[in-house]
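This report refers to the structure that appears directly beneath it.
The values are calculated or read from the model by the stated rules, or taken from the named source; none is laboratory data. From a predicted model like this one, the values you see are computed outputs, not experimental measurements. Note that each Cβ is placed from the backbone with ideal geometry, even for glycine, and that neighbours are counted across all protein chains shown. Note: areas computed on protein heavy atoms with side chains; ligands, DNA, RNA excluded. Shrake-Rupley method; radii C 1.70, N 1.55, O 1.52, S 1.80 Å.
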Amino acid sequence: MLDLQLLRDDPERVRRAIRHKNAGDPAVVDRLLEADRERRAALTALQTLQQQQGEVSRQIGPLMKAGRKDEAAPLLERSNALKAEIQSLQEAARAHEEAVNALLLEIPNVPHESVPIGRTAEDNAIPFEWGEKPAFDFEAKPHWDLAAQHRLIDFEAGAKVTGAGFPFYLGQGARLQRALIQFFLDRAVEAGYTEVQPPLLV
């Protein structure tokens with residue numbers, strides 16, 4: 001998610017990024033900036049009303065203590081009216097905040113200036129290649145198909161238990177995962193680090 005300050009300071013850069021990435025309508029930037037202005041205006045008005053209510057409340061206390069209820073009555077009425085206005089503005093500020101957050105999700109990250117502009121894979125720049133590309137006499141499969149075919153990884157079970165990104169490793173998949181961890185631990189120890197196994201919190 002982009003920093004709102006970047007959008008305020010340089011909206012054209014963000015619009016340009018959306019066009020270059022072909023990632024939606026650049027007009028979303030203007031909608032976001034308007035929602036942000038409305039949110040900040042609501043917060044400013046809210047702070048002003050809260051300050052006014054504080055001043056009114058400070059006047060009511062001494063009058064009530066002194067038994068001057070008649071003088072306090074209009075102030076109480078004003079305080080109640082301010083409370084209602086404050087509640088309304090709080091709801092408006094929350095709605096504007098939700099609108100800002102929803103619009104922020106529609107805006108992609110801004111790529112570095114060095115990233116080439118392209119619409120298809122053919123437009124991608126290849127800075128360098130290393131090694132010899134493997135050639136197969138069969139159609140290569142993506143890792144998720146191979147993982148399912150050989151029961152190495154269960155993505156669905158992981159998503160149910162922990163959410164996306166944390167799958168169950170099964171059989172040879174679990175052994176491979178453990179071997180990779182051991183490999184990197186061995187390399188770290190060879191580099192001079194001390195392996196530590198801290199207590200697990202239950």
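Along segment 95-107 the Karplus relation, 6.51 cos²θ - 1.76 cosθ + 1.60 evaluated at θ = phi - 60°, assigns HN-Hα couplings of 5, 5, 4, 5, 5, 4, 5, 5, 5, 4, 5, 7, 9 Hz to successive residues, with x for each Gly and Pro. Other residues lying with their Cβ under 15 Å from the Cβ of ALA41 contribute a combined charge of -1, Lys and Arg counting +1, Asp and Glu -1. Computed 3J(HN,Hα) for segment 29-41, one whole-Hz value per residue from the Karplus formula 6.51 cos²θ - 1.76 cosθ + 1.60 where θ = phi - 60°, is 5, 5, 5, 5, 4, 5, 4, 5, 4, 5, 4, 5, 5, glycine and proline marked x. Dipole size of the chain about its Cα centre, with +1 on Lys/Arg Cβ and -1 on Asp/Glu Cβ: approximately 800 debye, rounded to the nearest 20. Placing ARG151, ARG187, ARG39 in order of accessible area, with the largest value first and a 1.4 Å probe, yields ARG151, ARG187, ARG39.
Tell me which of GLY173, GLY158, SER88 sits at the most positive position along the dipole axis of the chain, charges placed on C-beta atoms (Lys, Arg +1; Asp, Glu -1). Toward the positive end, the furthest listed residue is SER88.
Put a plus charge on the Cβ of each Lys and Arg, a minus charge on the Cβ of each Asp and Glu, and nothing anywhere else: the dipole of segment 73-191 about its Cα centre is then about 540 debye. Heavy-atom accessible area for PHE183, with the other protein chains in place and a 1.4 Å probe, reaches approximately 90 Å².
The candidate values are (1) 312; (2) 111; (3) 124; the one derived from this structure for volume of the Cα convex hull per residue in Å³ carries the label (1). At a 1.4 Å probe, what is the % contribution of carbon and sulfur to the accessible area of the chain? Here it works out to 55 percent.
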